[in-house]
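What follows is one structure encoded as structure tokens, with my remarks underneath.
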Amino acid sequence: MAQSIRINPMRVPGGWRQGYVLDYHTLWSHFIGHDEFGHAMFDTKRSEMGELLYRLKYRSDKSVMDTIVETVLSFIASWNPGLSVIVPVPPSRQRAFQPVWEMAERLSIRLNLPLRGDCIVKIKDTPELKNVYNYEKRMELLEDAYTVPAASLIGESVLLFDDLYRSGATLNAIAGALYSNGEAANVYVLALTRTRSAS
């Protein structure tokens, strides 16, 4: 059975009842020059969770999934917010393997909570937010971008789950829809890692 890893949980403020990230994604990153194609190269040290998430997302190394899930379960057990449903943040782009969905599915089974991946509907096209550095601009782009079927989460305590927290703009936009359209009683946010800046 997979063991959980050391984490450094941090509170994140926003339009939800309570939110946490489990650790920074990177501890430090130093520019070391350019490769033969002119691309910048960096020597990067990631947190334990950051390294696992990197391997999962960018190396398609599914062997790390159990360790990530065990760590999340251990944290949720100590946090104990009283959840009744899990809602994964929808992916920004379509790919065959969706890490957030896969992890949310495993958490749903282990916690014996329903998974509601269908309840967030993106109704407005937005550019990739990683290229938008101003928080207000991100929120402007995300205004009315998401909806939730009316009263679909009425009275529920929702865990809104994501892998990487940047500025919180997407999570704030979705949390707003969960409250206003879905009529959720509480929204709790949990992300695996966060960037060191809002970029």
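Points worth noting:
- Just so you know, in the stretch 55-98 the residues that are within 29 Å of residue 179 (Cβ to Cβ) and of a type in the set (Ser, Thr, Tyr) include one that is surrounded by the fewest Cβ atoms within 10 Å (Cβ to Cβ), and it is 78.
- Filter result for residue 92 (out of contact with any Pro (no Cβ under 9 Å at 6 or more places or on another chain), in a loop (DSSP other than H, G, I, E, B), within 26 Å of residue 196 (Cβ to Cβ) and small (Gly, Ala, Ser)): yes
- Residues of the stretch 167-191 classified as in contact with a Lys or Arg (Cβ under 7 Å, 6 or more places away or on another chain) and closer than 23 Å to residue 76 by Cβ, total: 3
- Of all residues in the stretch 58-89 being in contact (Cβ under 8 Å) with a residue 12 or more places away in the chain and in a loop (DSSP other than H, G, I, E, B), the one that is nearest to the chain's Cα centre (by Cα): 89
- Of all residues in the stretch 141-196, those satisfying the criterion of being of a type outside the set (A, V, I, L, M, F, W, C), within 12 Å of the chain's Cα centre (by Cα) and assigned to a strand (DSSP E or B) are 162, 163, 165, 188, 193, 194.
- From the list 69, 64, 85, the one residue that fits, being at pLDDT 95 or above, in contact with a Lys or Arg (Cβ under 6 Å, 6 or more places away or on another chain), closer than 23 Å to residue 153 by Cα and among the hydrophobic types (A, V, I, L, M, F, W, C), is 85.
- Qualifying residue in the stretch 140-157 (condition: within 28 Å of residue 49 (Cβ to Cβ), of a type in the set (D, E, K, R), in contact with a strand residue (DSSP E or B) (Cβ under 7 Å, 6 or more places away or on another chain) and at pLDDT 95 or above): yes
- Residue selected from the stretch 1-28 under the condition among the β-branched types (Val, Ile, Thr) and farther than 17 Å from residue 169 by Cα, by the criterion modelled with the highest pLDDT: 7
- Condition met for residue 107 (crowded, with 19+ Cβ neighbours inside 10 Å and not in a helix (DSSP H, G or I)): no
- From 22, 52, residue being closer than 16 Å to residue 162 by Cβ, aliphatic (A, V, I, L, M) and outside any strand (DSSP E or B): 52
- Sub-6 Å Cβ pairs linking a first residue in the stretch 1-18 that is over 23 Å from residue 87 (Cβ atoms) to a second residue that is in a loop (DSSP other than H, G, I, E, B) and among the polar types (S, T, N, Q), at least 6 apart or interchain, number zero.
- Only one of the numbered conditions (1) at positive phi; (2) buried (at least 18 other Cβ atoms within 10 Å of the Cβ) is violated by residue 162, and that is (1).
- For the stretch 21-61, the set of residues classified as among the hydroxyl-bearing types (Ser, Thr, Tyr), under 28 Å from residue 96 (Cα atoms) and out of contact with any helix residue (DSSP H, G or I) (no Cβ under 8 Å at 6 or more places or on another chain) consists of 44, 47, 54, 58, 60, listed by residue number.
The values are calculated or read from the model by the stated rules, or taken from the named source; none is laboratory data. Values in this document were obtained by computation on a predicted structure and should not be read as measured data. So basically every Cβ, Gly included, is an ideal-geometry build from the backbone, and we count neighbours across all protein chains shown.
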